[in-house]
1. How high is the relative contact order of the chain, given as a whole-number percent (alpha carbon pairs under 8 Å, six or more residues apart)?
2. Nearest 10 degrees is fine. How inclined is helix 16-30 to the longest principal axis of the chain, computing both from alpha carbons?
3. Report ³J(HN,Hα) in whole Hz for each residue of segment 37-51, in order, from the Karplus equation J = 6.51 cos²θ - 1.76 cosθ + 1.60 where θ = phi - 60°; Gly and Pro get x.
4. Of Val64, Pro78, Met19, which is farthest on the positive side of the dipole of the chain, counting Cα position, with +1 on Lys and Arg Cβ, -1 on Asp and Glu Cβ, and the Cα centre as origin?
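A short reminder: the numbers here are calculations on the coordinates, not readings from a lab. Remember, predicted model here, so these are calculated numbers, not experimental data. All Cβ positions, glycine included, derive from the backbone under ideal geometry; neighbour counts span all protein chains shown.
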Amino acid sequence: MPLVAMGLIFWLLIIRPQMRRQKEHQAKVAGLQKGDQVVTAGGLIAKVLRVDEHYVDLELAPGVKVKAVKSTIGDIVPPGGAQPAND
């Protein structure tokens, strides 16, 4: 019985929140559109030029274009930029 309780606690505290974050990330990546600004897993900020089934064409700077795997997109930057810190 104690092992079952430990397994349940492990699932509730670690596995379930991780699955929820993964689903949220997949929904964000599925909703990518041309013109969105994104942050890659490597920390690069880029503008989306074209979205394919598995790849995304990104523009890092004017004239600098790269192709990235869709799953490496870390986050979508809101149009106004990052939220300012509360001082």
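1. 23 percent
2. Roughly 20 degrees, rounded to the nearest 10.
3. 9, 10, 10, 7, 5, x, x, 7, 9, 8, 9, 7, 9, 8, 10
4. So the residue we want is Met19.
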